[in-house]
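Please read the structure below before turning to the comments.
The values are calculated or read from the model by the stated rules, or taken from the named source; none is laboratory data. What you see is a predicted model; the values in this text were computed from it and never measured. Here the Cβ positions follow ideal geometry from the backbone for every residue, glycine too, while neighbour counts run over all protein chains shown.
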Amino acid sequence: MHFRLVDQVIECAADRAVTLKNVSLAEEYLQDHFPGFHVLPGVFMLEALVQSARLVLEARDRGAGATPRRMVLGEVRALRYGNFVRPGDALKSEVVIDKVLEDGSISFRGTGTVLRHGAAGDAPADTAVGGRFTMRPVRLPLSQPDGVAPQGHPRGGSN
């Protein structure tokens, strides 16, 4: 199952993106999370940041005239959760490139803020999630001619 956690792109550049996820009670995963107190799961908040970062990566590759690379979440650091995001609220995700690493990985800083339904335009935004994470190039497993992963490789064999 694939969850699209970016409903609207507010801003997207080669170093920064701002997106919006509107949370609706109609979303299937909210039925069990939690009965009587529905909230957007924390892992989905992180995934919204990751999907926003992928938009930045695509913009970088397009700007460089390169074919978009497949990147996956590599590491999460200093991630903190704050306020709940409930049905009727929106999660505004902002990600910015922190640094580009030698191995092709890219480190991001990201923040997700809650936009409350019906709140005044000048109401302060509550932080729902924030931290740093790294997107890294997909690493395909090395395989031997018989299709078996080599010794010591995470997908097979032993040390």
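Tabulated values for the structure
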{"item": "V96 part of a strand (DSSP E or B), free of Cβ contacts under 8 Å to residues at least 40 places away in the same chain and closer than 23 Å to Q8 by Cβ", "result": "no"}
{"item": "Flag if S107 is of a type in the set (S, T, N, Q), closer than 12 Å to M45 by Cα and part of a strand (DSSP E or B)", "result": "no"}
{"item": "Qualifying positions in segment 61-93 - aliphatic (A, V, I, L, M) and in a strand (DSSP E or B)", "result": "M71, V72, L73, V76, A78, L79, A90, L91"}
{"item": "Every pair of residues 6+ apart whose Cβ atoms lie under 6 Å, when the first sits in segment 21-44 and is more than 17 Å from G82 (Cβ to Cβ) and free of Cβ contacts under 8 Å to residues at least 60 places away in the same chain while the second is surrounded by 14 or more Cβ atoms within 10 Å (Cβ to Cβ) and among the hydrophobic types (A, V, I, L, M, F, W, C)", "result": "H38/L30"}
{"item": "Members of segment 8-25 found to be outside any strand (DSSP E or B) and within 23 Å of G63 (Cα to Cα), listed by number", "result": "A13, A14, D15"}
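Let's see how each residue does on (1) of a type in the set (D, E, K, R); (2) under 25 Å from C12 (Cβ atoms); (3) modelled with pLDDT of 95 or more; (4) surrounded by 14 or more Cβ atoms within 10 Å (Cβ to Cβ):
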residue	(1), (2), (3), (4)
G63	no, yes, no, no
V76	no, yes, yes, yes
D89	yes, yes, yes, yes
S107	no, yes, yes, yes
V114	no, yes, yes, yes
A123	no, no, no, no
A128	no, yes, yes, yes
Q144	no, no, no, no
N159	no, no, no, no
